[in-house]
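Contents: one structure, followed by commentary.
The values are calculated or read from the model by the stated rules, or taken from the named source; none is laboratory data. Computed from a predicted structure; not experimentally measured. Positions of Cβ are backbone-derived with ideal geometry, glycine not excepted, and every protein chain shown enters the neighbour counts. Surface areas here come from the heavy atoms of the whole protein model, side chains and all, with no ligands, DNA or RNA. Shrake-Rupley method; radii C 1.70, N 1.55, O 1.52, S 1.80 Å.
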Amino acid sequence: MLNDDTLPEILQYASIGTGDLAALAGTALTLVGERPATRPIRPMPPWTADSALPFMSSSALTIGRACLAIDELRRLDDASAVIYMLSFIALGGNHSTFSEAAATAAASPKASEVTSRLRNMLASSIPGQWKPARIQDPYGLRVYPVVQATVTASLNSLAAQVERSMNVAQENPLFDVDGDQVIHHGAFYQASLSLELDGTTLALALTAPITHSRIRMINDPETNFARPFLATGPEGFSGLMMVEYVAAGAIAEIRNAAQPASVGTLVLSRGAEEDATFASQAVHQLERSVAAYRVLLACELIGTIRLLRHRNMIPHLAGIASAAATLCAALPDSPADRDLRSDLAIADELLDDLGRLTVAE
């Protein structure tokens, strides 16, 4: 199928975290020619029971989707650090939140790693001595290293669990060649994977309001050194007001997706299967959350670039901030009230490139 770019039809339901039964059974039927594929395929010979049952008892689809979600979220995690640094500079943040003492006091996994990266990014981005606008920043700037560290830690933990799941034979029954036996077991029960997926989605729900806090600061004349919503023109112009509403809608989606799938249960198959992990639902919720997180970061990016331009700070940036600003030159440089959908689309396309800047550094 991969070699011939011939794909089966994959349906959404009938996976409950104990094997992607319907999706993989449909794939098998496509392989043997009983279902159509996206392109013609040479059918395999019919399968026997000792191949059919383990094939459709796998959680390969859920695990594969988790891999794709991890890959995208890693890029967004990197992009978030760059966008945060741009907002930090534009809003005159207090760099004491990046200190080693603050990272140690956080007692949070990955906090030292996140603060160290931010400290290095700020040092390379602002030549000379940095003067903060406030002694004590709002949470959107002050607690980012701690909150984003939970995203990084949760993401790493999920990746480790997915790697373990990929490298063992969890299918039921298990053909133990060395022991010359067929084992009916419970290893297919994706409890750990479901919990890790839920944990990562919850971590995104935790960091989302902190991101929105920075968007609010960018729009607030008490912190943005400008008019409300960075508006220009006559009184009553809305500026970036609706971008804040779009961000709020994205947060609502993330919060809705953060209801843990692993707390669900169901009795099936006449009582033979009296519980389910719903890992397949958990990965679907993570995918929804990641998509909404992209929107949220795009909203912040639009605002922070407009604020940097308003304050004429971009020519004075260096290092990673300057490289990011150069990439963001693709964003329209017009503060007038207008349809901002194209701005959001451009910002969304910039996220992956912004994330790669931290890798290059």
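Conditions: (1) touching a Gly at 6+ places or on another chain (Cβ under 8 Å); (2) over 18 Å from Ser15 (Cβ atoms); (3) not acidic (Asp, Glu). Ala247 meets all but one. Number of the miss?
So Ala247 meets the others, but not (1).
Hey, could you check region 208-226 for residues that are crowded, with 24+ Cβ neighbours inside 10 Å and within 24 Å of Val283 (Cα to Cα) and say which is farthest from the chain's Cα centre (by Cα)?
Among those that are crowded, with 24+ Cβ neighbours inside 10 Å and within 24 Å of Val283 (Cα to Cα), it is Thr211.
Identify, from the list Glu244, Glu235, Glu274, the residue that is open to solvent by 20 Å² or more (accessible area, probe 1.4 Å), at pLDDT below 90, under 27 Å from Arg341 (Cα atoms) and among the acidic types (Asp, Glu). Steps first, please.
Values: Glu244 fails: at pLDDT below 90; Glu274 fails: under 27 Å from Arg341 (Cα atoms).
Unique residue meeting the criteria: Glu235.
Pairs needed: first member in region 152-179, farther than 11 Å from Cys67 by Cα and open to solvent by 50 Å² or more (accessible area, probe 1.4 Å); second member anywhere, among the acidic types (Asp, Glu) and assigned to a helix (DSSP H, G or I); C-beta distance under 8 Å; at least 6 residues apart or different chains.
Qualifying pairs under 8 Å: Phe175/Asp50.
Select, from Val283, Val295, the only residue that is under 25 Å from Leu197 (Cα atoms), open to solvent by 40 Å² or more (accessible area, probe 1.4 Å) and either among the small types (Gly, Ala, Ser) or in contact with a helix residue (DSSP H, G or I) (Cβ under 8 Å, 6 or more places away or on another chain) (or both). Don't jump to the end; show me each part of the working.
Values: Val283 fails: open to solvent by 40 Å² or more (accessible area, probe 1.4 Å).
On inspection, the qualifying residue turns out to be Val295.
Of all the residues that make up region 250-274, how many are within 20 Å of the chain's Cα centre (by Cα), assigned to a helix (DSSP H, G or I) and either over 18 Å from Ile218 (Cβ atoms) or without any contact (Cβ under 8 Å) to a residue 40 or more places away in the chain (or both)?
First, the residues of region 250-274 that are within 20 Å of the chain's Cα centre (by Cα): 250-262.
Keeping just the survivors that are assigned to a helix (DSSP H, G or I) gives 250-257, 261-262.
So of that shortlist, the ones also either over 18 Å from Ile218 (Cβ atoms) or without any contact (Cβ under 8 Å) to a residue 40 or more places away in the chain (or both) come out as 252-257, 261-262.
So the answer is 8.
Return the pairs, sorted by first residue and then second, in which the second residue is open to solvent by 80 Å² or more (accessible area, probe 1.4 Å) and of a type outside the set (Gly, Ala, Ser), the first residue lies in region 94-112 and is in contact (Cβ under 8 Å) with a residue 40 or more places away in the chain, the beta carbons are less than 8 Å apart, and the residues are 6+ apart or on different chains.
Asn94/Ile135; Asn94/Gln136; Asn94/Arg142; Thr97/Arg142
Of the residues in region 30-51, how many are farther than 13 Å from Glu9 by Cα, among the hydrophobic types (A, V, I, L, M, F, W, C) and in contact with a helix residue (DSSP H, G or I) (Cβ under 9 Å, 6 or more places away or on another chain)?
So the answer is 3.
Looking at region 278-287, can you tell me whether even one residue there is closer than 27 Å to Met313 by Cβ and of a type in the set (S, T, N, Q)? Working first, answer last.
The initial filter retains those residues of region 278-287 that are closer than 27 Å to Met313 by Cβ, namely none.
No: zero hits.
Can you report the number of residues in region 162-207 which are closer than 19 Å to Ser57 by Cα and in a helix (DSSP H, G or I)?
Keep residues of region 162-207 that are closer than 19 Å to Ser57 by Cα, which gives 162-177, 181-194.
Subsequent filtering for residues that are in a helix (DSSP H, G or I) retains 162-166, 191-194.
Residues in region 162-207 being closer than 19 Å to Ser57 by Cα and in a helix (DSSP H, G or I): 9 in total.
Just give me the residues in region 13-29 being of a type outside the set (Asp, Glu), in contact (Cβ under 8 Å) with a residue 12 or more places away in the chain and either over 28 Å from Gly186 (Cα atoms) or assigned to a loop (DSSP other than H, G, I, E, B) (or both), in sequence order.
Of everything in region 13-29, those that are of a type outside the set (Asp, Glu), in contact (Cβ under 8 Å) with a residue 12 or more places away in the chain and either over 28 Å from Gly186 (Cα atoms) or assigned to a loop (DSSP other than H, G, I, E, B) (or both) turn out to be Ser15, Ile16, Gly17, Thr18, Gly19.
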